[in-house]
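Worksheet for the structure shown next.
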Amino acid sequence: MADYRSMWAELGLDLEKHDILLGALPGMYEGIFLTQDNRPEGMAYFDFVIGEIHGLRVKELMDHKASGGKVVGLFCVFVPEDLILAAGAIPVGLCAGTQFSVPDAEEVLPRNTCALIKSSFGFKVGRTCPYVQASDFVIGETTCDGKKKMYELLGQYHPTYVMEVPQKKTPLGRELFLEELRGLKAKLEEETGVTITAERLAEATALVEAKRAALRRLHNARRARPVPISGLDALLVTQVAFYDDVVRFTEKVSALCDELEGRVARGEGVAPAAAPRILVSGSPMAVPNWKLHRILEDSGAVVVGEESCTGTRYFTPAVAKNDGTLAGQLAAIADRQLETHCACFTPNDERIDDVLTLAEGWDVDGVVHYSLQFCHTFANEAVKVEKALAIRGVPLLRIETDYSDEDMGQIRNRVDAFLEMVRR
Ligand code: BJ8
């Protein structure tokens, strides 16, 4: 990686702490990703992106700012990237996936808060995430209670705008969300000085939809037996989607898909055809949270899908055809976003249907339900997911964990026992 120290200093990072964070990543990444067998060549780009995780992309953001553009940080897929792009700003998913930043957060937040919330907050208070530092403001959302209350505190450290997300999928909820999108549009226009016209929005939506379509193509390639890409690599691609340049990312994923489809045609895979096929369902996994996939795939399984916001919930909903007016486009974006079947909704039966569809369509031998400790929404929904799968004869393993390595051994043992049971 080139020398970015002056850029990091300019961003106000705690350089000493940041060195420790970045120093740990290459060894960890090599041990988890580069040791996998028969990786697709197209993964080289994503290896490069991770190698430059706090470097080149941050530099691109800084260059964008230097030419008058804005950068907007996000934590949730409910915030529509296309609206931000239409304002000439760049949306970036913020760092939220490591234990490293948790102790900084615990000086302020209660310890019994989910790791994702603590990690993201800790990155800001510890000044170790260049993305949040580079962002002109952050858009939070009223999804789960933990996040909602964290944003109030985050606002004391960084400009934070919170949009309301309804809790029920009713016509009234849709109206509320649409009104929130109008409010967000006005906020973006005020911050950037750019008017979001119908043309600008259509252009931005086309970019975002192309990215989602490329991710769906990758997801579909994973139906094959043997599967042409590991779960670890597929997860990594979705994680990178949250902060890479949208056009470049789409091109790289499309090239990867060409390669994967060639593999499928030739019957080539990364794991034996008989390897247990696992669907992971539940809380999202932000970079560098690779813990569960690593354990599963080290134990001989292959992860063929993620029903999560770093998986199908991110890229499955699509904008429907609309009349092309600003109002029509906003309504279509609202409908797309509300197709995100997050456990923060009540009821949320569509998520159960999604899990069943994936279990069948991706020829899954078992489902691992993943929830972060203290995430009450996903932990509660696990009960319904398990029941619905049991009727179809699909076994489920519930894993509740955090970002630390302390329970790795225990999870490994439970995973081994589960795989023994599901092996055909
Ligand atoms: S749309 S899943 S990205 S809210 S794991 S912070 S729910 S306590 S992340 Fe999420 Fe948006 Fe929903 Fe997706 Fe709270 Fe649970 Fe933590 Fe969570």
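The values are calculated or read from the model by the stated rules, or taken from the named source; none is laboratory data. Bear in mind the structure is a predicted one, so any value in this text is a computation, not a measurement. Here the Cβ is made from the backbone with ideal geometry for all residues, glycine too, and neighbour counts use every protein chain on show. The area values use the complete protein model at the heavy-atom level, side chains included, leaving out ligands, DNA and RNA. Shrake-Rupley method; radii C 1.70, N 1.55, O 1.52, S 1.80 Å.
Where in the range 1-96 are there GluC sites (Glu not before Pro) that are in a DSSP coil and have at most 16 other Cβ atoms within 10 angstrom of their Cβ?
Loop-located and lightly packed - 41, 52.
Among the trypsin sites (Lys or Arg not before Pro) in the range 101-131, which ones are in a DSSP loop with at most 11 other Cβ atoms within 10 Å of the Cβ? Mind listing them?
On the way: sites: 111, 118, 124, 127; in loops: 111, 127.
Loop-located and lightly packed - 111.
Please find the FRET efficiency linking residue 266 to residue 37, where r is the Cβ-Cβ separation and R0 is fixed at 22 Å, and quote it to the nearest 0.05. If you can, show how the numbers build up before the last one.
Values: r = 16 Å, r/R0 = 0.74.
Once the sixth-power term is evaluated, E becomes 0.85.
Top mean-square fluctuation among 139, 229, 278, Gaussian network model of the chain, C-alpha springs under 10 Å?
Per the Cα network of the chain with a 10 Å cutoff, 139 tops the list.
Check the straight Cα-Cα distances from residue 211 and name the aspartates and glutamates below 12 Å, setting aside those fewer than 8 residues away within the same chain.
By straight Cα distance, residue 211 reaches 81, 82, 244, 245, 251.
Rounded to the nearest whole Å², what accessible area per residue is found for the chain with the 1.4 Å probe?
Values: 16790 Å² over 424 residues.
Result: 40 Å² of accessible area for each residue.
Taking the range 306-391, which trypsin sites (Lys or Arg not before Pro) meet the DSSP loop condition and have no more than 13 other C-beta atoms within 10 Å? Don't skip to the answer; put the middle values down first.
On the way: sites: 313, 321, 336, 351, 384, 387; in loops: 321.
Sparse-neighbourhood loop trypsin sites (Lys or Arg not before Pro): 321.
What residues have an amide H closer than 5 Å to that of residue 368, excluding those fewer than 5 places away on the same chain, when H is modeled at 1.01 Å from N in the peptide plane?
279, 280, 281, 397
Per the Kirkwood treatment, what hydrodynamic radius in Å, one decimal, follows for the range 5-194 from the mean inverse distance over all distinct Cα pairs?
On the way: mean 1/r = 0.0557 Å⁻¹.
It works out to 18.0 Å.
Go ahead and estimate [θ] at 222 nm for the chain from helices alone: -39,500 (n - 2.57) per DSSP H run with n ≥ 4, summed, over the residue count, rounded to 500.
Numbers: 19 runs with 225 residues, N = 424.
After summing the helix terms and dividing by the residues of the chain, the value is -16500 deg cm²/dmol.
Between residue 325 and residue 136, 0.36 nm times their residue separation minus their Cα-Cα distance comes to what?
Full-extension gain reported as 65.2 nm.
Provide the convex hull volume over Cα atoms per residue for the chain, in Å³.
Values: hull volume 55.9 nm³, N = 424.
Hull volume over Cα atoms, normalised by residue count, gives 132 Å³.
Springs between alpha-carbon pairs under 10 angstrom, Gaussian network model over the chain: which of 311, 193, 93 fluctuates most?
193
May I ask for the net charge around residue 196, where only other residues with Cβ less than 14 Å from the Cβ of residue 196 are counted and Lys, Arg are +1 while Asp, Glu are -1?
Around residue 196, the surrounding residues sum to -2.
Lysines near residue 291 by alpha-carbon distance under 24 Å, same-chain residues fewer than 8 away left out - which ones?
Answer for residue 291, where 24 Å is the Cα cut-off: 17, 118, 124, 147, listed by chain and number.
Contact order normalised by length for the chain, with contacts defined as Cα pairs under 8 Å and 6 or more residues apart; what percent is it?
Details: 682 pairs, mean separation 72.4, N = 424.
Across the chain, relative contact order equals 17 percent.
Keeping all protein chains in place and using 1.4 angstrom, which order do 205, 35, 170 fall into by accessible surface area, from largest down?
Values: 205 15, 35 90, 170 55 Å².
These residues rank, largest area first, as 35, 170, 205.
Across 10 Å bins from 0, what is the distribution of all Cα-Cα pair distances for the range 331-373, in whole percents?
23, 43, 29, 5
Percent of accessible area on the range 73-130 owned by carbon and sulfur, 1.4 Å probe?
Numbers: 700 of 1470 Å².
Solvent-exposed carbon and sulfur of the range 73-130 make up 48 percent of the total.
Going from most exposed to least, what order do 408, 285 have by accessible area with a 1.4 Å probe?
Details: 408 25, 285 5 Å².
The ordering from most to least exposed comes out as 408, 285.
So how far apart, in nm, are the two label points at residue 28 and residue 107 if each is 7 Å from Cα heading toward Cβ?
2.0
Looking at the range 186-230, I'd like the Rg to Rh ratio, where Rg is from alpha-carbon atoms and Rh is Kirkwood's inverse mean 1/r. The partial results should precede the final answer.
Numbers: Rg = 17.3 Å, Rh = 13.1 Å.
Dividing the radius of gyration by the Kirkwood radius yields 1.32.
Once amide H atoms are built 1.01 Å from N in the peptide plane, which residues 5 or more positions from residue 136, or in another chain, come under 5 Å H to H?
It is 71, 72, 73, by chain and number.
Placing +1 on the Cβ of each Lys and Arg and -1 on the Cβ of each Asp and Glu in the range 5-194, which of 29, 85, 11 has its Cα farthest towards the positive end of the resulting dipole?
With unit charges placed on the Cβ atoms, the residue in question is 85.
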